[in-house]
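This report refers to the structure that appears directly beneath it.
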Amino acid sequence: MIAQAAGIVPVEYAVAVDRYLAEAELGPASRRVYRISLASWAWPLVGKLPPAGLSRRKASPPVVPLALLDDETAGLRLAGALKHRMSQAGARTVNRELSALRSAIGWWRRREWIAADPTIFLRQAELAGESGPRLLAVRPLDETQLTMLFRTPAGLREQAFWHLLLDTGAAAEAVLTLDAGTLDLARRRATLAGAGHGQLEWGSRTGELLSWLLAGRRGGPVFLTDRRAPAGTAGADLCPLTGRGRLSYRRAAEIFTEHTRLLDPDGRGWMLHQLRRRPVG
């Protein structure tokens, strides 16, 4: 099919889902779950709700233009669907479905198929209590929490990534698109490519961490996976020196939540979005 050809920007949401799943590092079972989850998000984008129960898996989602994710109302529509979903499923299921959407959107944004991230202010679902399931408000980390975070042992990649998010106030998905050759380490700045993106600036501590992280590397993604990339990985997402691929939003979010689980009194761990606040200036 022409729409599946490399370099062709898909018009339909369903085609974009197919392209994402074809390259995602997922096993067969996870790929099937992701497909069902991503298909269900098509309904609210056109102002509808997906069928409930077993019929949800078998229902044919509406034809949705991918560009609807850039519409200013997309976030509100997805938030309504998320709240509705909480009345049907447990918190773990809802959070898994939201994570699938965020991962796909991050992948599409890196390819500049869309510019916005309508999930940025969506909230995670909290485990059901005596009053039933509810949505968990996501607040930026305060100074005490940040101090705790940066005192814990973490790898250089994570330290540089987290400091960069905190300094710039940029979305994690956008920061993960940065390439080594686009960073001006001397002036501590970089320009994000794509519509709706701008210039990033960071402080001296973040600059030191980035310099150490990129020592000896002049090309490829700034933030890399732990292992070599699988065959067929796009050249733009591959480090020519190490053979490792670009770190995905899904994996970066998992690492952050797991690392902060012991810091969170509720034991859930924190979200990358909580590192976003006013950038340095």
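The values are calculated or read from the model by the stated rules, or taken from the named source; none is laboratory data. The structure displayed is predicted, hence computed values, not measured ones. Every residue, glycine among them, receives a Cβ derived from its backbone with ideal geometry; neighbour counts consider all protein chains shown.
Return the only residue of R151, R205, R157 being modelled with pLDDT of 90 or more, among the charged types (D, E, K, R) and surrounded by 18 or more Cβ atoms within 10 Å (Cβ to Cβ). Talk me through it step by step, then tell me what you get.
Values: R151 fails: surrounded by 18 or more Cβ atoms within 10 Å (Cβ to Cβ); R205 fails: surrounded by 18 or more Cβ atoms within 10 Å (Cβ to Cβ).
After ruling out the rest, the residue left standing is R157.
Please go through the range 104-122 and give me each residue that is surrounded by fewer than 22 Cβ atoms within 10 Å (Cβ to Cβ) and assigned to a helix (DSSP H, G or I), ordered by number.
R110
Any chance you could count how many residues in the range 36-53 are surrounded by fewer than 18 Cβ atoms within 10 Å (Cβ to Cβ) and either in contact with a helix residue (DSSP H, G or I) (Cβ under 8 Å, 6 or more places away or on another chain) or under 14 Å from Y20 (Cβ atoms) (or both)?
Here is the first cut: in the range 36-53, the ones surrounded by fewer than 18 Cβ atoms within 10 Å (Cβ to Cβ) are 36, 46-49, 51-53.
Checking which are either in contact with a helix residue (DSSP H, G or I) (Cβ under 8 Å, 6 or more places away or on another chain) or under 14 Å from Y20 (Cβ atoms) (or both) leaves us with 36, 46-47, 49.
Total satisfying the criteria: 4.
Suppose we filter T177, T257 for residues that are within 16 Å of the chain's Cα centre (by Cα) and modelled with pLDDT of 90 or more; which single one remains? Steps first, please.
Working: T257 fails: modelled with pLDDT of 90 or more.
Matching residue, one of T177, T257: T177.
What pairs come up if the first residue lies in the range 89-111 and is among the charged types (D, E, K, R), the second is in a helix (DSSP H, G or I), and their beta carbons are under 6 Å apart, counting only those six or more places apart or on different chains?
Close Cβ pairs satisfying both conditions: E97/S37; R109/E173.
State all residues of the range 82-100 that are under 14 Å from the mean Cα position of the chain (by Cα) and either crowded, with 22+ Cβ neighbours inside 10 Å or not hydrophobic (A, V, I, L, M, F, W, C) (or both); if no residue qualifies, say none. Break it down into steps so the answer makes sense when it comes.
Here is the first cut: in the range 82-100, the residues under 14 Å from the mean Cα position of the chain (by Cα) are 95-100.
Of everything in the range 82-100, those that are under 14 Å from the mean Cα position of the chain (by Cα) and either crowded, with 22+ Cβ neighbours inside 10 Å or not hydrophobic (A, V, I, L, M, F, W, C) (or both) turn out to be N95, R96, E97, S99, A100.
Could you look through the range 223-254, keep only residues that are more than 17 Å from the chain's Cα centre (by Cα) and of a type in the set (V, I, T), and pick out the one that is surrounded by the fewest Cβ atoms within 10 Å (Cβ to Cβ)?
Taking the range 223-254 as the starting set, the residues that turn out to be more than 17 Å from the chain's Cα centre (by Cα) are 226-236, 238-244.
If we keep only those that are of a type in the set (V, I, T) too, we end up with 233, 242.
On the way: T233: 17, T242: 15.
Selected residue: T242.
Condition first: farther than 19 Å from W162 by Cα and within 21 Å of the chain's Cα centre (by Cα). Now tell me which residues in the range 199-222 satisfy that. Spell out the reasoning first.
Step one: filter the range 199-222 for residues farther than 19 Å from W162 by Cα, giving 216-220.
If the condition is that a residue be farther than 19 Å from W162 by Cα and within 21 Å of the chain's Cα centre (by Cα), then G220 is the only one that fits.
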